[in-house]
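The values are calculated or read from the model by the stated rules, or taken from the named source; none is laboratory data. Given the structure is predicted, the values throughout are model-derived calculations rather than measurements. Cβ placement follows ideal geometry from the backbone for every residue including glycine, while neighbour counts extend to all protein chains displayed.
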């Protein structure tokens, strides 16, 4: 079996005034996955993209969303990302008091 390598460019440092243009450039390059960092400003001081921005991105592209949650409230952000329809979620276990619940929630939505 051949392993497939996935390249998922992060849009964290993209020009937020031209985010759609950046996404379309990534699509034209033939890539099918975006890496999106969700940061709450508490776990990490940065707050690059809000939930509404990610919702808007979902409307303009069919690319897969690989979301990395950096938060002290994982359950809230996991549920929000599932509502948006992301394809993959990563979260930090050091801020997770209910890892089994988070994993079951993610699996229930057929998300990785």
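Of all residues in the range 11-43, how many are surrounded by fewer than 18 Cβ atoms within 10 Å (Cβ to Cβ), closer than 15 Å to residue 87 by Cβ and in contact with a strand residue (DSSP E or B) (Cβ under 8 Å, 6 or more places away or on another chain)? Here the count works out to 2. Of the residues 31, 19, the single one that is more than 16 Å from residue 112 (Cβ to Cβ), more than 10 Å from the chain's Cα centre (by Cα) and in a loop (DSSP other than H, G, I, E, B) is 31.
How about the range 82-98: which of its residues are assigned to a helix (DSSP H, G or I) and within 24 Å of residue 6 (Cβ to Cβ)? Those that are assigned to a helix (DSSP H, G or I) and within 24 Å of residue 6 (Cβ to Cβ): 82, 83, 84, 93.
Please determine, by comparing only the residues of the range 70-85 that are within 15 Å of residue 53 (Cβ to Cβ) and touching a residue at least 12 places away in the same chain (Cβ under 8 Å), which one is nearest to the chain's Cα centre (by Cα). If you could, list the steps in order and put the result at the bottom.
Start the filter on the range 70-85 by keeping residues that are within 15 Å of residue 53 (Cβ to Cβ), which leaves 77, 80-81, 83-85.
Still in the running and touching a residue at least 12 places away in the same chain (Cβ under 8 Å): 77, 80-81, 84-85.
Details: 77: 10, 80: 10, 81: 7, 84: 10, 85: 10 Å.
By that ranking, first place goes to 81.
For the range 44-78, residues that are in a helix (DSSP H, G or I) and loosely packed, with under 13 Cβ neighbours inside 10 Å total 3.
For the range 91-109, does any single residue satisfy the condition of being surrounded by 14 or more Cβ atoms within 10 Å (Cβ to Cβ), closer than 17 Å to residue 23 by Cα and out of contact with any helix residue (DSSP H, G or I) (no Cβ under 9 Å at 6 or more places or on another chain)? Walk me through how you get there before you give the answer.
Here is the first cut: in the range 91-109, the residues surrounded by 14 or more Cβ atoms within 10 Å (Cβ to Cβ) are 91-92, 95-96, 102-103, 105-106, 109.
Filter again for closer than 17 Å to residue 23 by Cα, leaving none.
No, that holds for no residue.
Being closer than 22 Å to residue 5 by Cα, within 11 Å of the chain's Cα centre (by Cα) and at pLDDT 95 or above is a description that does not apply to residue 37. Residue-level check: of (1) in contact (Cβ under 8 Å) with a residue 12 or more places away in the chain; (2) in contact with a helix residue (DSSP H, G or I) (Cβ under 8 Å, 6 or more places away or on another chain), residue 7 misses just (2).
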